[in-house]
Amino acid sequence: MIKSIIFDLDDTLYDFTSAHAFAMKRLMAYVRANLGLDDERFDALNREALNRQKQRLGSCAALHNRLIRYQMLLEAAGKPIAHAPEMEALYWSTLLERIRPTHGAIETLGSLRLSGYTIGIGTNMTANWQYAKLKRLGLMAYVDYIVTSEEAGVEKPAPELFLLCAEKAGCAPAECAFVGDSLESDALGARDAGLAAYWFNPSADPVDVPEGIRRIRAFSELPALLENA
Ligand SMILES: [Mg+2]
C-alpha cells in the first residue's frame, strides 16, 4: 500500500522550461547592456562555463549553482566578477516571478493529503532555490518533507536520493510513489530504487513506457491510480 508520494519539482510541479527561457532572455539583455556581449557570445560562454563545471564537479548539486557558473563565465570573458551576483539574482528573480503551478497540481496535492498520504519533494538542485520556488508556487503548505541533491550528496537517478526520501517518509521504498517528468532521472531511478514510479508526461504523442513504470498525462489521474496501486 502506498503511504507517501514524492514529487520532482522542476518541469513537474511547474513549467521550468518556459520560465527558464524567459529568465535567460532577460539575463541576455543585462549582459548586452552591461558587458557588451552579444547573445551568441554569451550563449557560447555560458555553455563553456557549464561544461567546465561538469568536468570539475561531475554530478552533484553545485553543478546547478549559477553564481559559480556566471563567475566562471565572467572570468573567461575578462569581465568584472562583480556582475556574477547581479546576474544570478536577475535570473532567479525573473524565474520566480514567472512560475505558476502545473494545472491540477495544487488540487491534487491537497486531495492526496486529505486522503492521508504524506507528500515529499525529491529534486536535483540546491535547497535554497527549491524552497523559494515552493513558496512562490503556493505549495509549501502541502509538503511534509524535502530531499534535494544538495542534501543527499548525489543526484537522481542515484538510488540514495530516493532511499532518503523513503527514510524521511518513514516508509519502506515500496510504500512510496515517485512522480516526475524525467524518464531516466525520475521514473527509472525511482523504479530501480524500489519505489512505485509514475512518469509525468503530458505530451499527446504516444510514448514507449518501460516495464514497471506507469505514465500519467495529468495530475488528476493520480488519486485513482494510487488507490488501486
Ligand atoms: Mg524535472
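In table form, for the structure just shown:
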{"item": "Filter result (surrounded by 15 or more Cβ atoms within 10 Å (Cβ to Cβ) and in contact with a helix residue (DSSP H, G or I) (Cβ under 7 Å, 6 or more places away or on another chain)) within region 107-120", "result": "Thr108, Leu109, Ser111, Leu112, Arg113, Thr118, Ile119, Gly120"}
{"item": "Options Leu74, Leu95: the member that is outside any loop (DSSP other than H, G, I, E, B), farther than 24 Å from Arg217 by Cα and within 16 Å of the ligand (Cβ to nearest atom)", "result": "Leu95"}
{"item": "Selection status of Ala21, within 24 Å of the chain's Cα centre (by Cα), part of a helix (DSSP H, G or I) and buried (at least 20 other Cβ atoms within 10 Å of the Cβ)", "result": "no"}
{"item": "Complete set of residues in region 37-55 that are charged (D, E, K, R) and touching a Leu at 6+ places or on another chain (Cβ under 9 Å)", "result": "Glu48, Lys54"}
{"item": "Residue match in region 5-23 (condition: touching a helix residue (DSSP H, G or I) at 6+ places or on another chain (Cβ under 6 Å), acidic (Asp, Glu) and more than 16 Å from the ligand (Cβ to nearest atom))", "result": "no"}
{"item": "Residue list for region 175-229, restricted to those being of a type in the set (Ser, Thr, Tyr) and within 16 Å of the chain's Cα centre (by Cα)", "result": "Ser182, Ser185, Tyr198"}
{"item": "Considering residues of region 77-92 that are aliphatic (A, V, I, L, M) and exposed (fewer than 14 other Cβ atoms within 10 Å of the Cβ) only, the residue nearest to the chain's Cα centre (by Cα)", "result": "Ala89"}
{"item": "Subset of region 177-190 (residues that are closer than 21 Å to Leu112 by Cα and either away from the ligand (no atom under 11 Å from the Cβ) or surrounded by fewer than 19 Cβ atoms within 10 Å (Cβ to Cβ) (or both))", "result": "Ala177, Phe178, Ala190"}
{"item": "Among the residues listed as Leu134, Leu139, Leu114, Leu161, the single one being without any contact (Cβ under 8 Å) to a residue 40 or more places away in the chain and within 16 Å of the ligand (Cβ to nearest atom)", "result": "Leu161"}
{"item": "Among (1) more than 30 Å from Pro223 (Cα to Cα); (2) among the polar types (S, T, N, Q); (3) buried (at least 17 other Cβ atoms within 10 Å of the Cβ), the one test that Ser4 misses", "result": "(1)"}
{"item": "Flag if Leu63 is under 30 Å from Ala33 (Cβ atoms) and surrounded by 15 or more Cβ atoms within 10 Å (Cβ to Cβ)", "result": "yes"}
{"item": "Lone qualifier among Ile68, Ile81 - being of a type in the set (A, V, I, L, M), more than 16 Å from the ligand (Cβ to nearest atom) and free of Cβ contacts under 8 Å to residues at least 12 places away in the same chain", "result": "Ile81"}
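Since every read-out is calculated from the coordinates, none of them should be taken as a lab result. Remember, it's a predicted structure, so these values are computed and weren't measured experimentally. Glycine gets a Cβ as well: all are built from the backbone with ideal geometry, and neighbour counts include every protein chain shown.
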